[in-house]
Amino acid sequence: MGSGPRLNDAALIRGQAFVGGRWIAAADGARIAVTDPFDGATLGHVPALSEAESTTAAEAAHAAWGGWAGLLPQERARLIRRWFELIVAAREDLARIMTAEQGKPISEARGEIDYAASFVEFYAEEAKRPNIESVTSHLPDAEVELWREPVGVAALVTPWNFPCAMITRKAAAALAAGCPVLVHPSSETPFSALALAVLAERAGLPAGVFNVVTGRPETVVGPWTREPRVRALSFTGSTEVGRLLYGQCAGTIKRLTMELGGHAPFVVFADADLGQAVEEGIKAKFATSGQDCLAANRIMVERPVHAEFCARFAEATARLSVGRGIDDPDIGPLMNARALEKQRAHVEDAVARGARVLTGGAAHPAGPLCFAPTVLADVPPEALIWREETFGPVAAIASFDTEDEAVARANEGEYGLVAYVHTQDPRRIYRVSRALRFGMVAVNRTKVTGAPIPFGGFKQSGLGREGSRLGLEAFTEVKYVCRDWA
Ligand code: NAD
């Protein structure tokens, strides 16, 4: 890194890709610059590997498959567990690397490392669990068993907003299932992924089992989508790119997991604890500086408490601090100039359609990519901010009159990742939780994620689940064996 973060262990920073157990540069010397989003300073470079080099990585992973899958589950578990311990020991350095390249406040970065590590710990344990199920036979004189076997090489493509956790949530499950992995991190945040590779190497994962392949996404991921030996692709990112990869994987009928966009509704009924709803709403909207697939983007408040909620929410928002991630503000910079422009465009469009700015509404002087935490009230459904992911610190609030209307509006659109509901009526909690078409429903709280739960969305928010035992399904095949014992 150039003007990088101060670390206890400088060797965690690698400007090379990790392929087949070797640290490599691109043969043609091509590189991608990585910058600090707060001030645009260059942190360092990573290789821009070619299509041929990406294919070599897939071959290396395939060559490692037999050995990895053939280890005793206890041995695989021990190695994954060792990786977990090294991640925990390097927590502060990993958080600093993340804050430097992603911009998120250092407390959030530390929280993400804990979250990332929790998947590695969980799946190290799952690696030991039995993967054979005995079924009551439907045939005379026959014995029936189901074996779960590793699907093969898994390609993991991850976004910049959670540079570590989105990798470990996939990789730990794949490794536990017996699959080698090809990780392609976002080019905005590759140093976090490469630091995880340093620790995987130190943990003793065999060569070729954990690969990190940096470069231009079409160049690196394209060959994997066409390669028949890559049997699974697990993607986290935008619905738009997810759709593209879904199509590209059709040719080789890959196993697909897709964790895509969110655009969460946040519904506050008049009988809610308003103080709690405001507090949880601030967390749900402004975590990760609003650049979060779980961000509460469509806040709907029942009319009798709408004015009071708006006033309290705007007051709490105006108190949020903005600045450089390492100084631990509430809100850091946005990832790039495009994201800043989107906030501006969303605010202008909403105001032109009749919304009111209660606080913020413009860029923030703390830094070139900072936007003031903003609250818009009376946002009409046709406003851009109501229809597409904001991915920034702008909150949109509207009012509603009936439960049916709130549910119908929450269910509108292509997304179905998470929905937040605030009410104290137990029967309404049940009715509304049932009626919402979302993979996750959070009632009277914001934080609901963790290693033991299945994370994922309905509709075009995705396919499959990550975390929990269900997270292993993406990386295993079921083999049915029927034996005659007569
Ligand atoms: P993105 O779709 O632009 O990129 C995600 C990954 O795909 C990156 O690694 C990128 O290099 C790669 N990629 C981009 N274009 C590609 C192409 N043409 N071919 C192959 N790979 C390509 O997403 P982003 O901007 O990094 O992340 C933001 C999005 O991620 C938001 O939509 C957010 O909701 C979503 N997200 C979802 C979850 C979830 O779990 N559901 C979690 C975090 C983020």
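For the stretch 22-34, taking the residues that are touching a residue at least 60 places away in the same chain (Cβ under 8 Å) and under 26 Å from the mean Cα position of the chain (by Cα), the one that is most open to solvent (accessible area, probe 1.4 Å) is identified as ILE32.
Looking at the stretch 209-228, which of its residues are touching a residue at least 60 places away in the same chain (Cβ under 8 Å) and more than 11 Å from the ligand (Cβ to nearest atom)? Within the stretch 209-228, VAL209, PHE210, ASN211, VAL212, GLU227 qualify. Is it the case that PRO206 is without any contact (Cβ under 8 Å) to a residue 24 or more places away in the chain, assigned to a loop (DSSP other than H, G, I, E, B) and away from the ligand (no atom under 12 Å from the Cβ)? Here the answer is no, as PRO206 does not meet what is asked. Given the condition closer than 28 Å to ALA177 by Cβ and assigned to a helix (DSSP H, G or I), answer yes or no: does some residue in the stretch 129-141 qualify? No, the conditions are met nowhere in the stretch 129-141. Can you work out which of the residues in the stretch 444-486 that are open to solvent by 20 Å² or more (accessible area, probe 1.4 Å) and among the aromatic types (Phe, Trp, Tyr) is nearest to the chain's Cα centre (by Cα)? Checked the stretch 444-486; the qualifying residue nearest to the chain's Cα centre (by Cα) is PHE458. Please tell me if GLY290 is out of contact with any helix residue (DSSP H, G or I) (no Cβ under 6 Å at 6 or more places or on another chain) and within 16 Å of the ligand (Cβ to nearest atom). Taking the combined requirement at face value, the residue satisfies it.
Please specify each residue of the stretch 172-192 satisfying the condition of being more than 15 Å from the ligand (Cβ to nearest atom) and not in a helix (DSSP H, G or I). Scanning the stretch 172-192 gives GLY178, CYS179, PRO180. Checked against the criterion of being acidic (Asp, Glu), open to solvent by less than 60 Å² (accessible area, probe 1.4 Å) and either under 18 Å from the mean Cα position of the chain (by Cα) or not assigned by TED's automatic domain parsing to the domain that holds PHE475 (or both), the candidates GLU126, GLU108, GLU92 yield just one match: GLU108.
MET335 fulfils the conditions (1) touching a strand residue (DSSP E or B) at 6+ places or on another chain (Cβ under 8 Å); (2) open to solvent by 10 Å² or more (accessible area, probe 1.4 Å) except for a single criterion, (1). Do we find a residue being more than 14 Å from the ligand (Cβ to nearest atom) and assigned to a helix (DSSP H, G or I) anywhere in the stretch 146-166? No, that holds for no residue. Scanning the stretch 246-259 for residues that are near the ligand (Cβ under 10 Å from one of its atoms) and open to solvent by 20 Å² or more (accessible area, probe 1.4 Å) yields a single hit, GLN248. Could you list all residues from the stretch 213-229 that are more than 16 Å from LEU194 (Cα to Cα), of a type in the set (Val, Ile, Thr) and open to solvent by less than 10 Å² (accessible area, probe 1.4 Å)? Matches in the stretch 213-229: VAL221, THR225. Just one residue in the set ALA410, ALA419, ALA395, ALA377 is aliphatic (A, V, I, L, M), open to solvent by less than 10 Å² (accessible area, probe 1.4 Å), within 16 Å of the ligand (Cβ to nearest atom) and within 24 Å of GLU279 (Cα to Cα); that residue is ALA419.
Let's see how each residue does on (1) within 23 Å of ARG303 (Cα to Cα); (2) touching a helix residue (DSSP H, G or I) at 6+ places or on another chain (Cβ under 7 Å):
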{"residue": "ILE326", "(1), (2)": "no, yes"}
{"residue": "LEU340", "(1), (2)": "no, no"}
{"residue": "GLY354", "(1), (2)": "yes, no"}
{"residue": "HIS364", "(1), (2)": "no, no"}
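Going residue by residue through the stretch 333-343, is there one that turns out to be more than 16 Å from the ligand (Cβ to nearest atom) and in the same structural domain as ASP401 (by TED's automatic domain parsing)? So far as the stretch 333-343 goes, no, none of its residues is more than 16 Å from the ligand (Cβ to nearest atom) and in the same structural domain as ASP401 (by TED's automatic domain parsing). From the set of residues in the stretch 442-486 that are charged (D, E, K, R) and closer than 19 Å to ASN131 by Cα, which is farthest from the ligand (Cβ to nearest atom)? That would be ARG483.
Screening ALA277, ALA296 for residues that are within 16 Å of the ligand (Cβ to nearest atom), in contact with a strand residue (DSSP E or B) (Cβ under 8 Å, 6 or more places away or on another chain), open to solvent by less than 10 Å² (accessible area, probe 1.4 Å) and among the hydrophobic types (A, V, I, L, M, F, W, C) leaves exactly one candidate, ALA296. Would you mind stating whether LEU196 is among the hydrophobic types (A, V, I, L, M, F, W, C), under 26 Å from ARG469 (Cβ atoms), within 16 Å of the ligand (Cβ to nearest atom) and not in a helix (DSSP H, G or I)? Answer is no for this residue.
Residues of the stretch 434-443 that are open to solvent by less than 40 Å² (accessible area, probe 1.4 Å) and within 22 Å of LEU274 (Cβ to Cβ): LEU436, ALA442.
The values are calculated or read from the model by the stated rules, or taken from the named source; none is laboratory data. Just so it is clear, the model here is predicted, and its values are computed rather than measured. Ideal geometry is used to build each Cβ from the backbone, glycine not excepted, and the neighbour counts take in all protein chains shown. Surface accessibility is based on the protein's heavy atoms, side chains included, excluding ligands, DNA and RNA. Shrake-Rupley method; radii C 1.70, N 1.55, O 1.52, S 1.80 Å.
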